[in-house]
Amino acid sequence: MIEAIVFDWAGTTIDYGCLAPVSSFKKAFAHFGITIRDTLIRQDMGLDKQTHIQKLLHDPEIQAAWQEQEPAVPLNEAVSSIYSQFQIEIDQVLAETAQLKPGMMELIAFAADHNIKLATTTGYTQAMLDRILPEAARQGYHPAYNVTSEQTHQVGRPEPDMLQLAMSELGITDPSKVIKVGDSVSDILEGKNAGTISVGVTEGSSLIGLTEAQFTSLPIQDQDMRRMQATAILKEAGADAVLNNIADLIPMIESLNDHQQTTPLLLTPGPLTTSKTVKENMLADHGTWDDDYKELTEWVRHELVAIANASQKEYTAILMQGSGSFGVEATLGTAIPKQNATLLIAENGAYGERMVQMADYLNIAHVVLKVPETEPVTRELVATALEAHPEITHFAVVHCETTTGILNPIETILPELQKHNIVTIVDAMSSFGGVPIDLTTLQADYLITSSNKCIQGVPGFSIVLAKRATLETTQYQARSLSLDLYEQYRTFEDDNGKWRFTSPTHVMYAFAQALRELAVEGGITVRFRRYQTNEQRIREGMLDMGYKVVIEEAVQSPIITSFLYPTDDFDFHDFYEYLKDRGFIIHPGKVSRVNSFRIGNIGAITKTDIDRLLQVVADYTTEELHPARA
Ligand SMILES: *Cc1c(COP(=O)(O)O)cnc(C)c1O
């Protein structure tokens, strides 16, 4: 159970936009003829004010300005001069900026009801705090204990000392029962350093830096963008959660109290671990005829083409209800004419095999190019198959074969087919969004992915990126009504984003949020690097413990890695349960000739999660597998 919340002051609980310190710093420097930018001040917000001034004086431009304005006073004496002036300036504004931020009153009432103690730490001094406390009390906010760095030998944030003192004064010994809340990077670090749950707030924060009136007059999209930027900064600093309004702590505390143990992370190739905000987008119901919903659908379709680096004129995105396989089956069943057409399927794993099965079901004439599961499909192998089968008109291949985690080199394979005017179909289910794919260069006719893989949404629909010119030739060709890709496309196009038949509305809202979060992360190339780093970390960590990989590093994708069973009598089920009890779900192997298991790393997974996983695997390896060595 959560026992206490320790708050920061300005920008967090009072002083919307954290204006008092900023304006006072500006005035204090201006007193000495120095102009200073808001952004520079806000960078280090949350530190104790003398340290903050010292940091500002490290800026070369400000140093030069000081030397020009006050040649007689050496830099090391500047801090105390500016600080004295800062105290005068802030004293005049403190009381009037002590207005509680929106949501604070609800939170205070909730805390009182639930026996949660409130305390504060701050970059202000006791003298400054004395101006604020009566104002806060007048509005109903009386923290039980308030710490300044004067009580911790001038050790302020990001060190944990002030927070630890607050906890000990409140009689709390377990920091995991405490939530530290702030609006700046140094607040988040303070919480992390003390081992508490570290939570950021964005509305009215120093990072957004606007008054309430300025913020609410922004267009909604700009408000969202500002929030997301602030969120990204606080998350980057290690925040366990970033909330919009401070009252959002209420449901968060309720759910923390409800689920003492957190649900396990999915280290699987989809469905995967999604962010909390993606999940939260499913909390409202929506109508499928609604214009906003249709607009959202159009935005998602547009965005998907854009992140594939394709032109909207040349390519389109078709969404299809169902899991990823539904998209593959819709494509195969629609793209290939019933007469005078033969499909070549390259198969080096379970998903290639699934396409063969579909071709069987759908009565599609086909030839299979079978490649061992631990080896990639190559241009040479495809060229040889084409020579032997001049009747081939269509070609299908899996990009990342999730069976092993192998990455088939589609950039070199596809040109071989395009030479012969063969229509190309790529199952990029587990790679699109996580591995850069440039459709303008690749020129695949169809590329398929789904909502629950690297774009990090939840399961519910598949996505087909199709070359319009090829797709336009497929009317009346489908072998299924529901899985008619062409008709699905026509309905989206003719009715401004209307889905044919009922669509997974909640999944769409979650997916739109996932696309926004992909953009905030920095796009596919940045996500690709995160996946690569994390995959490498898992692989190297496992190799260090003596585990062996199934496929060569040169063809390894950054998505999922297969490991051989470490011993002949290895009990995968036991290993699986051990990891699950400790917060991780992994995947069984799918390679037919060898016993293996898989660890995926796509989804909202961080380096810290992986380090924790490796520690759990290490514990299992020494305790359960090799107890004699321990
Ligand atoms: C996940 C996946 C699929 C689709 O599987 P569903 O269970 O239908 O979502 C298809 N191909 C590959 C390569 C995959 O990784």
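The values are calculated or read from the model by the stated rules, or taken from the named source; none is laboratory data. The structure presented is a predicted model; accordingly, all values stated were derived computationally and were not measured. Ideal geometry is used to build each Cβ from the backbone, glycine not excepted, and the neighbour counts take in all protein chains shown. With ligands, DNA and RNA removed, areas are computed over all heavy atoms of the protein, side chains included. Shrake-Rupley method; radii C 1.70, N 1.55, O 1.52, S 1.80 Å.
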Exercise. Take the cross-link list LYS313/LYS419; LYS27/LYS276; LYS101/LYS235; LYS370/LYS607; LYS177/LYS548; LYS101/LYS279 and give me the ones stretching past 31 Å between alpha-carbons.
Key: LYS27/LYS276; LYS370/LYS607; LYS177/LYS548
Exercise. Kindly work out what percent of the DSSP beta bridges joining two residues of the chain are antiparallel, to the nearest 5.
Key: 40 percent
Practice problem: Equivalent ellipsoid semi-axes for region 49-133, as square roots of 5 times the alpha carbon gyration tensor eigenvalues: give them largest first, rounded to whole Å. | Solution: 37, 13, 11
Quiz item: Label points 7 Å out from Cα along the Cβ direction at HIS626 and ASP240: separation in nm?
Solution: 3.4 nm
Self-check item: Estimated distance in nm for a label pair at ASN115 and VAL526, the labels positioned 7 Å out from Cα along Cα-to-Cβ
Solution: 4.4 nm
Quiz prompt | At 0.692 mPa s and 37 °C, Stokes diffusion of the chain via Kirkwood alpha-carbon radius, µm² per second | solution = 119 µm²/s
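How big is Rg to Rh over region 438-545, alpha-carbon atoms, Rh as the Kirkwood inverse-mean-distance radius?
On the way: Rg = 17.7 Å, Rh = 16.5 Å.
Computed over Cα atoms, the ratio is 1.07.
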Quiz item: Per-residue HN-Hα couplings for region 490-501, Karplus 6.51 cos²θ - 1.76 cosθ + 1.60 at θ = phi - 60°, whole Hz, x for Gly and Pro?
Solution: 4, 5, 4, 5, 7, 10, 6, x, 7, 6, 7, 6
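Rounded to the nearest angstrom and ordered from largest down, what semi-axes does the equivalent ellipsoid of region 335-444 get from its C-alpha gyration tensor (root of 5λ)?
Values: eigenvalues 80, 51, 37 Å².
Calculated on Cα positions only, the semi-axes equal 20, 16, 14 Å.
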Quiz item: When only C-alpha pairs under 8 Å and at least 6 residues apart count, what is the relative contact order of the chain, in percent?
Solution: 13 percent
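So how many Å³ per residue does the convex hull of the Cα atoms of region 524-629 work out to?
Details: hull volume 11.0 nm³, N = 106.
For region 524-629, the hull spanned by Cα atoms encloses 104 Å³ per residue.
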Practice problem: Would you mind calculating the relative contact order of region 1-155 from Cα pairs under 8 angstrom and at least 6 residues apart, reporting the percent as a whole number? | Solution: 32 percent
Quiz item: So who's got an amide H within less than 5 Å of the one on THR120, skipping anything under 5 residues away but keeping other chains? H placed 1.01 Å off N, in plane.
Solution: PHE7, TYR145, ASN146, VAL147
Exercise. Could you name the lysines whose alpha carbon sits less than 19 Å from that of LYS294, not counting residues in the same chain fewer than 8 places away?
Key: LYS498
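With n ≥ 4 as the cut-off for DSSP H runs, can you work out [θ] at 222 nm for the chain, using -39500 (n - 2.57) per run divided by the number of residues, rounded to the nearest 500?
Details: 25 runs with 275 residues, N = 630.
Counting only the DSSP helices, I get -13000 deg cm²/dmol.
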Self-check item: Distance cut-off 18 Å, percentage of C-alpha pairs in region 19-95 lying past it
Solution: 30 percent
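If I take every Cα pair under 8 Å that is 6 or more residues apart in region 524-629, average their sequence separation and divide by the length, what percent do I get for the relative contact order? Before the final figure, lay out the partial values.
Details: 108 pairs, mean separation 29.9, N = 106.
Computed value for region 524-629: 28 percent relative contact order.
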Exercise. Report, as a whole number in µm² per second, the diffusion coefficient that Stokes-Einstein gives for region 163-310 at 10 °C and 1.306 mPa s using the Kirkwood radius over alpha carbon pairs.
Key: 88 µm²/s
Practice problem: Grab the Cα-Cα distance for GLN126 and THR491, subtract it from 0.36 nm times how many residues apart they are, and report the gain in nm with one decimal. | Solution: 124.8 nm
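Determine, from the Cβ-Cβ distance of PHE570 and THR533 and an R0 of 30 Å, the FRET efficiency 1/(1 + (r/R0)^6), rounded to the nearest 0.05. Mind dumping the intermediate values first?
On the way: r = 28 Å, r/R0 = 0.93.
Computed FRET efficiency for PHE570 and THR533: 0.60.
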Practice problem: Can you work out the accessible area per residue across the chain, with the rest of the protein chains kept in place, probe 1.4 Å, in square angstrom? | Solution: 43 Å²
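Just reorder LYS467, LYS607, LYS49 by solvent-accessible area, largest first, 1.4 Å probe, all chains present. Write out the running numbers ahead of the final one.
Values: LYS467 35, LYS607 110, LYS49 10 Å².
Sorted descending by solvent-accessible area, the residues read LYS607, LYS467, LYS49.
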Quiz prompt | Centre separation in Å (Cα based) which lies between region 289-318 and region 364-423 | solution = 29 Å
Quiz item: Once you charge only the Cβ atoms, +1 for Lys and Arg and -1 for Asp and Glu, what is the size of the charge dipole of region 524-629 about its Cα centre, to the nearest 20 debye?
Solution: 620 debye
Self-check item: Ratio of the Cα radius of gyration of region 274-350 to 2.2 N^0.38 Å, where N counts its residues
Solution: 1.48
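How much of the accessible area of the chain, probe 1.4 Å, is carbon plus sulfur, in whole percent? It would help to have the intermediate numbers written out before the result.
Numbers: 13580 of 26840 Å².
After summing per-atom areas, the C and S share lands at 51 percent.
Could you calculate the FRET efficiency of VAL79 with ASN309 from 1/(1 + (r/R0)^6), where r is the beta carbon distance between them and R0 is 56 Å, rounded to 0.05? Don't skip to the end; give the middle numbers.
Values: r = 51 Å, r/R0 = 0.91.
In this case the efficiency is close to 0.65.
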Quiz item: Once the whole set of protein chains is in place, how much accessible area is left on TYR576, using a 1.4 Å probe, in Å² to the nearest 10?
Solution: 50 Å²
Self-check item: Hydrodynamic radius of region 280-521 per Kirkwood, over alpha carbon pairs, in Å
Solution: 18.0 Å
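How do HIS389, HIS52, HIS420, HIS153 rank by accessible surface area computed with a 1.4 Å probe, from largest to smallest? Provide the component values of the computation, followed by the final result.
On the way: HIS389 60, HIS52 0, HIS420 100, HIS153 165 Å².
The residues order as HIS153, HIS420, HIS389, HIS52, largest area first.
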Quiz item: In the full protein assembly as shown, how much of VAL591 is accessible to a 1.4 Å probe, in Å² to the nearest 10?
Solution: 10 Å²
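Full-extension gain between SER592 and MET1, please, as 0.36 nm times their residue separation minus the C-alpha to C-alpha distance. Before the final figure, lay out each step's value.
Working: separation 591, 0.36 × 591 = 212.76 nm, distance 4.70 nm.
This chain segment gains 208.1 nm when fully extended.
Just by accessible area at a 1.4 angstrom probe, what is the order of MET105, MET162, MET545 from largest to smallest? Intermediate results must be reported in sequence, preceding the final value.
Working: MET105 90, MET162 0, MET545 55 Å².
The ordering from most to least exposed comes out as MET105, MET545, MET162.
Quick one: if the Förster radius is 30 Å, what FRET efficiency do GLN87 and THR216 give, using the C-beta to C-beta distance and rounding to 0.05? Walk me through the numbers on the way to the answer.
Working: r = 32 Å, r/R0 = 1.07.
Calculated transfer efficiency: 0.40.
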